[in-house]
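So the structure is just underneath, and the comments pick up after that.
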Amino acid sequence: MVDWPEGVVWAVSGPVDPAGLFPVERQAIARAVPSRQAEFAGGRDAARAALAQLGLPPQPIPKGADRAPVWPEGVVASLSHTAGLCLAVAARARDWRALGVDLERALPLDPGLVPTIASPAELDRLAPLEPGLAALHVFGAKEAAYKAQYPLTRSLFGFAAMEALLPDAGLRMVAATGLGQGAELPMRQWRNGGLLLSLCALPQLNRGDFAGPGYEVFPCGLTEPDGRKVKV
């Protein structure tokens, strides 16, 4: 089992018929191709299943002006899609400031993409993973961290604004944007069953169990869901 942080719930879905969407959701994807509509509907399906675990009734999850999901009041959540899978995570805002999740097929990235995502230092820290797979870990972590910070800051920035300190720590902002230069973002990653899951969960500052400038630093070792170290 993935050791989700306390209070964080999750659900998965495959692509589904968009006919089951709420009208405001169908309107948001009216011009999308059928495959994108089914993927969008699967994400909303997973999101409502996760919200149900928090005791919330089925309700629309519209897109905001920035195209990001608009979550119910008092909830933080995040979505990720990869080929044939839609994952949603959610929690009460009283427990967590923000969540960011990324799900990827655990396949090495194209060598030409590696330098655009990860620095030599980031890759070296993840040795003995080969560069394409190490870069995938960096990509997943940065995607999850970006999603977590965005609802708090509405900041847009690229991969170079964050430094991945995997596998011994999370990420650090190296640019004066987002949560601020030097801010630390916690990260958990699991690689199993052909998938790489990355989760960034920012705790409320009154929890009293954080490290660094207001953020809890979770263990970030490359582990399988049962806690065993990944064999590379």
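We did not get these values from a lab; they are worked out from the coordinates using the rules stated. All figures in this text were calculated on a predicted structure; none of them were measured in a lab. Note that each Cβ is placed from the backbone with ideal geometry, even for glycine, and that neighbours are counted across all protein chains shown.
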Across the alpha-carbon set of region 1-120, Rg over Rh with Rh taken as the Kirkwood radius works out to 1.01
Contact order relative to length for region 1-94, counting C-alpha pairs under 8 Å separated by 6 or more residues, stands in percent at 37
With only helices counted (DSSP H, runs n ≥ 4, each -39500 (n - 2.57)), the per-residue ellipticity at 222 nm for the chain, to the nearest 500, works out to -8000 deg cm²/dmol
For the chain, averaging the sequence separation of alpha carbon pairs under 8 Å that lie six or more residues apart and dividing by its residue count, the contact order in percent is 17
In degrees, nearest 10, the alpha-carbon axis of helix 131-153 is tilted away from the dominant principal axis of the alpha carbons of the chain by 60
With 0.36 nm assigned to each residue of separation and the Cα-Cα distance removed, Thr116 to Glu130 gains 3.4 nm
Under 5 Å from the placed amide H of Ser155, counting only residues 5+ away or on other chains, we find none
Taking Cα atoms only, helix 34-53 is inclined relative to the longest principal axis of the chain by an angle, in degrees rounded to 10, of 90
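Please identify the longest segment of the chain free of exposed GluC sites (Glu not before Pro), where exposed means a DSSP state other than H, G, I, E or B and no more than 14 other Cβ atoms within 10 Å.
That gives 74-232 as the longest site-free run.
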Matching label for the computed Cα extents along the principal axes in Å, out of [x] 68, 37, 33; [y] 48, 41, 35; [z] 56, 43, 38, is [y]
Any trypsin sites (Lys or Arg not before Pro) in region 1-54 that lie in a DSSP loop and have at most 15 other Cβ atoms within 10 Å would be Arg31
Applied in sequence order to region 160-176, the curve 6.51 cos²θ - 1.76 cosθ + 1.60 (Karplus, θ = phi - 60°) yields integer Hz couplings, x standing for Gly and Pro, of 5, 6, 10, 10, 7, 9, 4, x, 8, 8, x, 10, 10, 6, 10, 10, 7
